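See structure below.
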Amino acid sequence: MKTALSKFWEVREMTRTGMTKREKMAGRGNKTHESAQDESATDRLRKLTTTDVMSVELVSAFAGDRDMTEDERALMRVQQDHRGSVFFSDLLYAISHHYFAPEIAEAQWNKVLKHKRVLSRRLGRNVCITVATLDYLSIFSSEIKSITLISEAYVSEIANLSMRDGLTGIYNQSSCYELLELEFRSHRRYGAGVSLILLDIDDFKSVNDHYGHLEGDRILIELVRTMREQVRDSDICCRFGGEEFIAILPFTSSAAEAGAIAERIRAKATSITCGGKGITISAGVSVCEQSTTSPHALIEKADRALRRAKTGGKNQVVLGAGVRNRAVVPLSRCR
């Protein structure tokens, strides 16, 4: 079984691949005011999509409710070093699911710890950090009102369900926008690179019309399985709507690399059969450049490339405008 520290480094090493030296340095120490403003629902969403490093159990141990293991101590030191002043926002959010800006989070955390000690002394027993936090925030600071107690596992389940597509299990459209926003900000600030693949099943309406929606659902599920097999571990698969899907490719600034991933998905998708014939997909690829003004612009560029793939005969991958070698990625026709 992996330790908490080894799980953390596994995720950190995966996301570090391709990062520039400037990004590594910028990630250390205290955050700037701009960085503090970036601590939004998007960042908290990203925490729920990766290894659960800052769990309630870990925060409880950090607050003194039990002895910490050596791995846990090392993990928290890494977290403090990496997150800077945002570390205390993370602590409070893990317990309360209420966001505190880094400018006030450390002071609030210290007040909660003091309140915990006072309660424990008066009651003659240890009052755990979760109880002390909720008591302090709801009664003494009035930060939280109308508290309802639910388990951490249930909160994670609700969050996960709200982010996922019910049929395929991958991220839904709203999560796609938020995660793409996160990668876009990372690229603009640190030059990390991000590319996007927008793909669509060719003539999918005829599948539903001739074979029914259950068969259509089966094809969608199999295509998602194919996407997951062909992308890298750090890539993010999303259902954008209907038979349209997006793959977000972090740390990818090469059109050739993004195009190759799209081509792998396209080629493998032809093994998904319907009515004795393999399906085909068309895909548009876009790369985030200096001229790309927003995540929506990145999607629009991929969408234009997808439309060119459709009007150009379908069953092909087309690179978006603005990247070098805009020609269609070579492929063998399957229809």
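Each reported figure results from applying straightforward, stated rules to the coordinates on display, with no laboratory input. Quick caveat, the model's predicted, so the values are computed rather than measured. In this analysis, Cβ positions are derived from the backbone assuming ideal geometry, glycine residues included, and neighbour counts consider all displayed protein chains.
To the nearest 0.05, what FRET efficiency results for D71 and K277 with a Förster distance of 51 Å applied to their C-beta separation? Don't skip to the answer; put the middle values down first.
Working: r = 53 Å, r/R0 = 1.04.
Approximately 0.45, to the nearest 0.05.
Of F204, F184, the sequence from fewest to most neighbouring Cβ atoms within 10 angstrom is F204, F184. Each Cα pair of segment 165-319 feeds into the Kirkwood radius, which the Stokes-Einstein equation turns, at 4 °C and 1.567 mPa s, into a diffusion coefficient of 84 µm²/s.
Check I170: other-chain or 5+ apart residues with amide H under 5 Å from its amide H, H built from backbone geometry? Those lying under 5 Å, H to H, from I170 are D165.
With viscosity set to 1.306 mPa s at 10 °C, what whole-number translational diffusion coefficient in µm²/s follows for segment 45-141 from Stokes-Einstein and a Kirkwood radius over Cα pairs?
Values: Rh = 13.8 Å.
In µm²/s, the coefficient rounds to 115.
Of all DSSP-defined beta bridges confined to segment 165-319, some 85% are antiparallel rather than parallel. Simple spin-label estimate for T293 and T311 gives 2.3 nm between the two label positions (7 Å along the Cα-to-Cβ direction from each Cα). With the cut-off at under 17 Å, measuring from each backbone N in segment 100-114 to a point 7 Å along the Cα-to-Cβ line of Q80 picks out 105-114.
So, by mean Cβ neighbours within 10 angstrom, what's the order for 66-73, 285-292 with the highest one leading? Mind dumping the intermediate values first?
Working: 66-73: 13.2, 285-292: 20.1.
So the order, starting with the most tightly packed, is 285-292, 66-73.
Phi angles of segment 116-131 translate, via the Karplus equation with coefficients 6.51, -1.76, 1.60 and θ = phi - 60°, into HN-Hα couplings of 4, 5, 5, 4, 5, 5, 6, 8, x, 7, 6, 9, 5, 5, 5, 5 Hz per residue; Gly and Pro are given as x.
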